[in-house]
Structures are given as C-alpha cells and as structure tokens.
C-alpha cells in the first residue's frame, strides 16, 4: 500500500480524498494556487505545495508542476479527483514515466472513453445502443447547420472533451445552432483545451441514468447500481439520487451488464461511470442509450456510497496499489435511499446568475463528517470551504454537497428539507431555497423526472417555494415572539421603550402581504385569535430559530430588518413586518420609494470576463437580441436586450474584466 499520495485537485474533492487516506493511514500532499492558499484542504493535508497563479490554466492544469510536487515530497501516487487533469491521458502517461502511480484507470481506457467522439464509435462497434448523431469532425458553423438539419431538431452540441455540464448547447432550430456552435467551441477550449464539437439527437422526455463501475487490475468488474441525475440546469446536475425511482430490477441488470461489457472491452479498472439517456416516454424502460463514460470519480459518488456502504475513494486507492476487489457482484446490495443536492454559488432569484465573494457566514447542518458514508444521523456534508473563505471567479461555483440517507425516498427527501433549513450561508447568493423547493415539489416526490424538470416547472424563473398556511401561521407566531423578546431587552437595557413589558404583548405581523394579529400571553401565543401550539427559544441576535410545532421541528433563518425580520424556511424568503397594534394603522401613510428605471442600460449581472460584444455604437437592436457574452466561473452567459432601441454608447471592450453592476452599454 502507498505511504504517501498527492491530490491533484482542490476544494471539496481534495478534502474528501484526504479524509479517506487519513483513515487508511496514508500521508497526503495538497497542491494549491494563489486563490487557494488559505483553503481548508491545504490545512488538512500533511504537506502542501504551491503550484502557481489562480487561473487553473496556470496551476492545476500544468502536469509538470504536479509531477514536480510529487518528486519534492516523495508522493508515490496521485489521485486526480474530478475535472482538471483527471481524464487527461498525457498526464497519466507522464506519471507512469516517473514511476508514480495514477489512482485511476489505465491510459488506454482514458483515451478510448475520454474522447466523446471516439467513445461513441467504440460503443457502436461493441453493439451498445448510441444516440443518433454525427461523431466526426465538424468544420465550421455552416457544417454544423447542415448536420443538424439532417439529424432533425432538437439537437445537442457537445464539446468532445467536455464534462460537468460545460461545453453543451441545446438547439431547437438553425438559429440556435448558428448562435451556439462557436460558444460551445470556446467553452470546450477554455475548460478542456479542446475545441472539437459533436452533434447528436436530443431525446425527448429524457431521464439521465448512470451506472457506477468498479474494477480491479485482475479482470474483476462490478456495477454498483445506478444513480438518477435527471434534474439539471444548463446540463449541469443539481440533484442526484440512488437508486432511481424509475429503474426496475430488470432494467438495472440489463444496464449494469451492458456497462460492464463496455468497460471490459477497454480493459477498465478503478472507479468509473457510464452515463445513459433513457426515454421517459418508454414505459418498458428498455430505450436506453450510451452517452459517455467518465473515467474518474463522479461528483455524485456519495449517494452510491450511502446505499452500498462502499468507500469508492478507498477502493480506487486499493485498486491502484494492485489489490483485488474483496466483493463480488452478488455482494452489491441496495440499502435505503440517498439524495444529494449540490449547493451552488448562484442566485436563483436573479436567473441563477453566478455569485462570487466572501462567505461571511457559513454553518452546515452537521458539524463534522467522520468517514461514515451516511454522515451523522443520515446527513452528510462534503465541502471544501469555511467561514471567512472566498468563492472566486476562477473555479466551479459549487460550495458544498448535501447528502441525506433514509430507509425510503421520502425519508431522505424530508431529511434534505430539514437540513437545508439549517444550512446557513451569507455573503453571496446560493441555491439552498431552490433545491429545498425541488425536494418539496409534488412532481419530484412522485418520481416523474426528466432533464427538462427545471425548465418545465419554473418557466418564469424561481420566486420561492409555495408556503403552506400552517407555516405562515408559525412564522407569524415566531415573529411576534421575537419582537417581544427584542422589546423586553430594550426595556431592560436602558428603558428606551418606557415601562416594563408585561404580557399580553400585541403585534400586527404581515407575512406575504397578509396581516395577522399576534397576541402573546403568559403561557400561549394566539394568531388571529387561534392558539398556536408552539415552543421555541430566542435570544436577540440569534440567526437560527428552531421551533417545535405539533411534535415536529421548523428551523427558520432570521435576519433583522428595519421593521421586522427576513425569515427563510422551506425554500422561501419572507420579508416579515412586525408592528405594535397601536402603530400598525399608521404604516399605510408611509411613502414607498420607486426604484429608478435602468432598462436603457446593459448592466453586468455578475463579476466576469467580457468575451464578446455583439453590437456597437449606433446599431439598432431588437428585444431579445444578444448584446454581449460574459464568462463567469467557466460558463458563458449571453446578455440580451430587454427592449428595442439604438446603442447610444459602449462603455466596455472585449477582454475587459467586469464587476457586478458594471454598465456595458447604454441604449437610447
């Protein structure tokens, strides 16, 4: 077994590998860029080596720097994590030349399956179902248009070396192809150093199912059941679960055996994932097609670990050291249900725009993960950040992965909702409310999933989850209780509110525009005259309030405002106004400030790089027309005109780094 390994990655996956290595008694080496100098994974590792500037192209993607770090520290093996160099054949070959073990599959398997075009050819030759499409070289946009017309719309354009949702564009017509082909090439080149693109038919009502593969160097290959990853946004996974609510035992066996055969055809070993697209319109579940094989550890591997009890990182290390798998296919079981939500630095209330900045507050629902695949009481958080740290523009926007395990799917989903309510993030935008809303959505609970779930269920964007009446009443009661506690403290500290507070206290609490009368007695709280069975504790300044209501808990994140609190729970932000009964009637006389009209300005909605400016001064534009393209966190975002007009002035140039709210151009 290895005595020391180096992790050629960063963030949560680096922390994840270090935890398993430490449990196995293996020393670890971290490598880090300027942006990650104070990151948790650097402190966790036994040693750390600085490898360059913040951009990945100047640090984490430079194989020579990784190899030099191995030599300097005596690391015998490298775990590549996911992304970066994990599927780069030249990196694995370079390690082999230096007699450094690669904790991953053999080079020939990476080469065969890592190239999306070649892997489809190989799969087709092996008799595996593949999605209809064009798997050759595409010359230019005109060639792409001809191919798309021949295949028939809709089509998907994908970067050949792509992954993680990057370098993908869905086209419903020729206009979409012309607009998106070059962007797909740029994203492929920027993220993976390869601008080749292939085009394939987009399967309607698709479900994204993937099979976890695990093999050793002695010819043993197993499938560790499936994961459902259908809930995606911009082709990037948001929610993953294992097993799938759609897959039957018969389907599981057919998919698994086919994926094992494909892996065997390329001499595969280590952990890997075969991704399949399944037509949700086929009730038999037999219409599944090969998409690609990821020759690495997947982001969503924890859900497989939770239902099988197998530490995939440990198995990868043991396989790389030449050990045989100790389990057989018959040993692979499904115990319970696991769900993973990716917590991203993006603002769902602003069209999911990327959000960067400092984590002013970061508190997770569990204090530690000690290595159990199911976490603490069924809740596990895999993260690579800490309070006070920064989410930068240089890397992926994922903050953490929240994983829950339960005996049933509903139990795992309920644990997600409760844990998300206790997950505190301040300082930047995040998607906690959004994934909580998904967990509560009737369609999710029924298991009727497709990759179009988010677009279909939130066509007008996200504005918060629906709130049930009993939650609104609970929030009114909690707000009244907090207002009384604040008023009592003001009296006790300096008498600023006059005489001593003595129940009953009476408040008018407005939640969602609806007014409620809240009255606090010595032993009870009444909302609109009805007694609310609630128990809670609150000390002024608390950010999280946990109330017991009818034998169940409700966790509410609270932030003080000028006239009350901003209260967040169950996937919805409530701006709650709290006024004494005798003051409330005067509120209607307050004048509301009308925000200025900024529609004539094209404002950069996030920090990023201006990669393209599509118009110039004096150009006439129509509503919806692309005006500029901004790259943030390795994803390109097209900014469009809100209304028709003429460009009056341009305030930025291609290649400029833009701050949030920077004015790119002005219309007249």
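The values are calculated or read from the model by the stated rules, or taken from the named source; none is laboratory data. Predicted, not measured: the structure shown is a model, and the values here were computed from it. Note that we place each Cβ from the backbone using ideal geometry, even for glycine, and neighbour counts take in every protein chain shown.
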Going by the structure shown, is residue 83 under 23 Å from residue 190 (Cα atoms) and either assigned by TED's automatic domain parsing to the domain that holds residue 633 or over 24 Å from the mean Cα position of the chain (by Cα) (or both)? no
Can you tell me which residue in the stretch 235-268 is nearest to residue 320 (Cα to Cα), limited to those that are over 28 Å from the mean Cα position of the chain (by Cα) and assigned to a loop (DSSP other than H, G, I, E, B)? 268
Residue 567 passes all but one of (1) in a strand (DSSP E or B); (2) at pLDDT below 90; which number fails? (2)
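Against the definition (surrounded by 22 or more Cβ atoms within 10 Å (Cβ to Cβ) and in contact with a helix residue (DSSP H, G or I) (Cβ under 6 Å, 6 or more places away or on another chain)), how does residue 187 come out, yes or no? Give the derivation first.
Working: surrounded by 22 or more Cβ atoms within 10 Å (Cβ to Cβ): yes; in contact with a helix residue (DSSP H, G or I) (Cβ under 6 Å, 6 or more places away or on another chain): no.
When the stated conditions are applied, residue 187 does not pass them.
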If you check every pair at least six apart or on different chains, which have Cβ atoms under 8 Å apart with a residue in the stretch 349-374 that is at pLDDT below 90 first and a residue that is exposed (fewer than 14 other Cβ atoms within 10 Å of the Cβ) and outside any loop (DSSP other than H, G, I, E, B) second? 371/23
Can you go through 574, 582 and tell me which one is modelled with pLDDT of 95 or more and not assigned by TED's automatic domain parsing to the domain that holds residue 351? 574
Taking the stretch 27-45, which residues are closer than 15 Å to residue 17 by Cβ and in a strand (DSSP E or B)? 27, 28, 29, 30, 31, 32
Looking for something crowded, with 20+ Cβ neighbours inside 10 Å, over 27 Å from the mean Cα position of the chain (by Cα) and farther than 29 Å from residue 218 by Cβ - is there at least one such residue anywhere in the stretch 50-65? no
Assess whether residue 217 counts as being assigned by TED's automatic domain parsing to the domain that holds residue 289, buried (at least 21 other Cβ atoms within 10 Å of the Cβ) and either touching a helix residue (DSSP H, G or I) at 6+ places or on another chain (Cβ under 8 Å) or not in a strand (DSSP E or B) (or both). no
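Rundown of residues vs (1) surrounded by fewer than 19 Cβ atoms within 10 Å (Cβ to Cβ); (2) within 29 Å of residue 254 (Cα to Cα); (3) under 29 Å from the mean Cα position of the chain (by Cα), yes/no style:
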{"residue": "113", "(1), (2), (3)": "no, yes, yes"}
{"residue": "120", "(1), (2), (3)": "no, yes, yes"}
{"residue": "134", "(1), (2), (3)": "no, yes, no"}
{"residue": "156", "(1), (2), (3)": "no, yes, yes"}
{"residue": "172", "(1), (2), (3)": "yes, no, yes"}
Helices (runs of 4 or more DSSP H) wholly inside the stretch 98-157 that include at least 1 residues being in contact with a strand residue (DSSP E or B) (Cβ under 9 Å, 6 or more places away or on another chain), within 19 Å of residue 201 (Cβ to Cβ) and without any contact (Cβ under 8 Å) to a residue 60 or more places away in the chain: 116-125, 141-151
Residue 294 - would you say it is assigned by TED's automatic domain parsing to the domain that holds residue 423, touching a residue at least 12 places away in the same chain (Cβ under 8 Å) and either crowded, with 22+ Cβ neighbours inside 10 Å or under 30 Å from residue 135 (Cβ atoms) (or both)? no
In the stretch 584-611, which residues are outside any loop (DSSP other than H, G, I, E, B) and closer than 16 Å to residue 657 by Cβ? 603, 608, 609, 610, 611
Kindly evaluate residue 346 against the criterion of being crowded, with 20+ Cβ neighbours inside 10 Å, out of contact with any strand residue (DSSP E or B) (no Cβ under 7 Å at 6 or more places or on another chain), in contact (Cβ under 8 Å) with a residue 60 or more places away in the chain and not assigned by TED's automatic domain parsing to the domain that holds residue 233. no
Residues of the stretch 555-571 classified as surrounded by fewer than 20 Cβ atoms within 10 Å (Cβ to Cβ) and under 19 Å from residue 468 (Cα atoms), total: 1
